[in-house]
Structure formats: C-alpha cells, structure tokens
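Down below is the structure, laid out as structure tokens.
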Amino acid sequence: MDRRNFVKKSAAASAATLLTVSVAKAQAKDQQALIKPKALQKGDTIGLITPASAVTRQAFEKAVANLEAMGFVVRYTDNMAVRKGFLAGTDQQRLDDLHRMFEDPAIDGIVCARGGYGSGRLLPDINYDLIKANPKVLIGYSDITALLYGIHKKTGLVCFHGPVGASEYSDFTTKGFDQVLMRSKNNVKYEVPKDWEQLADPAYQTLPLVSGRAEGALVGGNLSLMCSLMGTPYDIGFAGKIVFIEEVGESPYRVDRMLTQLLNSGKLAQAKGIAMGVFKGCETKPDDPDFALSTSLENVLADRFSDLKIPVLYGLPIGHIDDNATLPFGARAELDVEKASLQLMEAGVV
C-alpha cells in the first residue's frame with residue numbers, strides 16, 4: 001500500500017470513528033432522565049382532552065362513562081365541544097387544554113378522548129418545562145403517538161400507549177389499565193388473548209418472524225405517526241430499545257413503504273427487538289383495483305423483517321382493537337418471540 005492511500009484510508013477511518021462518537025454523545029446528551037408519574041387510584045380526577053380530532057357527542061358520553069365506571073371523576077373544558085374542520089378546535093385551544101390539565105393540581109391524570117389527526121401540530125409550542133415540573137399519567141394511542149414521542153423525548157416522562165377515553169374497554173383492556181396505571185405492577189405480561197383463536201380475521205394471527213428474546217425500554221406507537229416524526233426534533237432513537245408498532249386501515253403496499261422508510265433510516269436495525277400489534281384492516285380488499293397485483297400483509301412483514309438480526313413478533317394485543325394493552329413508554333420490557341409475549345420489567349408509575 002502506498003503512503004498516499006494509507007493516509008487517505010486512515011483519515012477516513014478516523015472521521016468515521018469521530019462521527020460515531022459524536023452521534024453517541026449527541027444521543028446521550030439528548031436522553032432525558034426517566035420520570036415516572038404517580039399511580040392513579042379510584043376517586044382520582046381525570047382530565048379529558050382532545051389534542052387531535054373532535055369527538056362526537058356519543059363518543060364523548062362513552063368516554064366519560066368508561067372513566068366513571070373505573071371509579072374516576074372526569075373533568076374537561078368548554079373546548080371539548082369545539083370543532084374546527086378535522087381538528088378539535090384551534091391549535092391554541094387544544095394546547096391550552098393540555099397545559100391546563102398538567103398545571104392544575106386537582107387533575108391526577110390525563111386521558112385523550114380520541115386520536116384522529118392533529119397532535120403533531122402542537123409539538124413545537126408545548127411547554128415541556130411545565131410538564132416536567134408536573135408529571136402526570138398521560139394515555140392515548142393512534143395519533144396520540146405524536147404526543148407520547150414529543151413529551152417523552154423532551155421531558156423523560158413515562159407516557160402510556162393505551163386506550164383513549166372512547167375506546168371499547170374490554171375486560172382485557174380494563175385489566176391492563178388497572179395493573180399498569182393503578183396497581184403499579186412491574187411484571188405485567190401481554191400475551192395473545194385466548195378468545196382470539198376463534199377469530200377468522202388474519203390480522204389477529206401470531207407470526208414469529210424472527211426468533212429470540214430481548215430486553216429494552218419500550219418505545220413506539222402508530223406506524224404512520226412514527227414515520228411522520230422522522231427528521232424532526234421529536235423523533236426517538238431505537239438503539240437498545242424494544243420497538244412496538246401498530247397500524248390500521250393501510251394497504252399492504254403502504255405498510256411496506258412505511259416499514260421500508262424505517263429500515264432505510266437504519267433505526268430498526270439498532271433496536272433490541274420489535275413487537276408488533278394487530279394491523280387491523282391492512283389487507284387489500286377484493287374490490288380494490290390493485291387486488292390482483294397485491295400481496296398479503298403476512299408476506300410484506302416476512303419480506304421486510306426476515307433479514308433483521310433481532311427478535312420480531314407480530315400479533316400482540318396492541319392497537320386499534322378492543323383488547324388494547326397499556327404500555328409504559330420508556331419503561332423496560334422483555335420480548336419473547338417463542339412464548340409470543342411481551343412482559344414489563346419495571347413499573348411505569350410510582
């Protein structure tokens with residue numbers, strides 16, 4: 001090897017090393033210390049908010065009834081009745097409600113009434129210092145993924161991916177809510193409900209895509225939202241984490257496109273494991289013009305994940321389904337593909 005090439009290669013290697021060190025330092029600096037909110041208990045006051053789309057009168061009444069049935073007192077503002085196009089009021093109105101519920105000492109926890117669209121619009125203007133100084137349970141899923149990402153990233157608060165107020169609170173969902181948010185259990189195990197064996201919908205099948213077992217902090221949410229947050233200050237790295245993913249109503253090629261985006265970013269390969277929920281309504285319908293040229297969701301998942309060197313499981317009770325697990329965003333968990341289970345290793349509340 002001549003001296004010129006040796007110098008060039010040495011310089012390139014040094015630059016790569018420096019870049020790796022810089023990225024690692026940046027990630028470490030960006031990592032907030034974990035903050036766990038106080039556990040909820042019967043009689044607590046829950047603040048009901050709509051940070052994304054508005055609720056119908058029927059959905060609102062259902063949300064209040066669900067929370068009261070669990071023993072909570074429900075509070076909300078006049079903004080609950082506001083609708084502005086596809087949003088539940090202006091950005092400022094929705095932001096005001098979020099801030100009001102965190103700063104009010106009479107509010108013990110915050111439940112999003114529904115998802116829809118619009119949470120991501122609030123992220124640049126959220127008062128993260130206010131939230132960090134007043135940690136409380138915040139729970140929701142779907143579009144609420146944006147809030148979970150942003151608030152956890154900027155404050156370190158353990159947020160919760162789980163049912164919204166207007167969800168169907170099945171026995172499974174209610175039990176998980178109680179165990180994780182009220183009993184502060186640190187060993188909750190999420191497995192496929194027995195009655196799913198009777199379901200004909202292929203979305204509810206269990207697919208052990210890559211075998212193995214892994215442990216790490218839980219992060220994730222709705223696939224569409226996870227992709228939309230990439231390249232923003234609110235995105236979260238997957239290195240050393242168990243990434244959970246759910247989706248609803250997207251064609252297989254759209255699921256392929258979003259998973260490909262995550263794969264091309266290099267983020268998924270850095271994870272410790274991937275725990276997928278139920279991708280309900282993500283099969284191509286027979287009346288779809290592209291039906292003859294499409295493929296199954298199972299084929300898409302197998303194709304996209306088969307080359308990863310980490311455990312990957314599809315079919316856990318997470319997402320737009322009645323049996324929706326409550327997952328503490330930021331707490332450690334263990335994924336076991338052979339046992340088709342995801343088990344908490346620490347409590348998400350204190």
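Bear in mind that the values in this text are calculations on the coordinates, not laboratory data. The structure presented is a predicted model; accordingly, all values stated were derived computationally and were not measured. Using ideal geometry, Cβ is built from the backbone for each residue, glycine included, and neighbour counts are taken over all protein chains shown.
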Mean separation of Cα contacts under 8 Å, 6 or more apart, over the residue count of region 45-167: relative contact order %: 32 percent
Rounded to the nearest 500, the 222 nm mean residue ellipticity computed for the chain from DSSP H runs (n ≥ 4, each -39500 (n - 2.57)) alone is -9500 deg cm²/dmol
Given a Förster distance of 25 Å, report the FRET efficiency between GLU168 and VAL74 from their Cβ-Cβ distance, rounded to the nearest 0.05. 0.90
Which one, LEU34, VAL188, PRO208, is farthest towards the positive end of the dipole of the chain when Lys and Arg carry +1 and Asp and Glu -1 on their Cβ? LEU34
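Hey, got the dipole for region 144-219? About the Cα centre, +1 on K and R Cβ, -1 on D and E Cβ, debye to the nearest 20?
It works out to roughly 480 debye.
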Cα-only Debye scattering, region 276-348: base-10 log of I(q)/I(0) at q = 0.13, 0.20 Å⁻¹: -0.52, -0.99
Where only C-alpha atoms are counted, convex hull volume of region 45-167 per residue in Å³: 85 Å³
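Give me the orientation-averaged projected area of the Cα convex hull of region 49-91, in nm², one decimal.
Values: hull surface 11.9 nm².
The number I arrive at for region 49-91 is 3.0 nm².
Rank these for me by crowding, MET230, MET70, MET101, going from fewest to most other beta carbons within 10 Å.
Working: MET230 13, MET70 16, MET101 25.
Neighbour counts put them in this order, fewest first: MET230, MET70, MET101.
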Any chance you could check the Cα centroid distance between region 198-257 and region 72-108 for me, in angstrom? 29 Å
Thinking of region 189-344 as a set of Cα atoms, what percent of all their pairs are more than 27 Å apart? 17 percent
In a Debye calculation with equal point scatterers on the alpha-carbon sites of the chain and no solvent, what is log10 I(q)/I(0) at q = 0.07, 0.08, 0.11, 0.13 Å⁻¹? -0.30, -0.39, -0.72, -0.99
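Per 0.36 nm of contour for each residue apart, how much would the distance between ASP129 and LEU263 grow if the chain were fully extended, relative to their Cα-Cα spacing? Intermediate results must be reported in sequence, preceding the final value.
On the way: separation 134, 0.36 × 134 = 48.24 nm, distance 3.31 nm.
Between ASP129 and LEU263, full extension yields an extra 44.9 nm.
With the cut-off at 31 Å, tell me which of the pairs LYS42/LYS267; LYS84/LYS272; LYS153/LYS189; LYS153/LYS285; LYS42/LYS241; LYS42/LYS84 have Cα atoms farther apart than that.
On the way: LYS42/LYS267 40 Å; LYS84/LYS272 41 Å; LYS153/LYS189 25 Å; LYS153/LYS285 38 Å; LYS42/LYS241 33 Å; LYS42/LYS84 34 Å.
Violating the 31 Å limit, Cα to Cα: LYS42/LYS267; LYS84/LYS272; LYS153/LYS285; LYS42/LYS241; LYS42/LYS84.
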So, over other residues within a Cβ distance under 10 Å of LEU34, counting Lys, Arg +1 and Asp, Glu -1, the net charge is +1
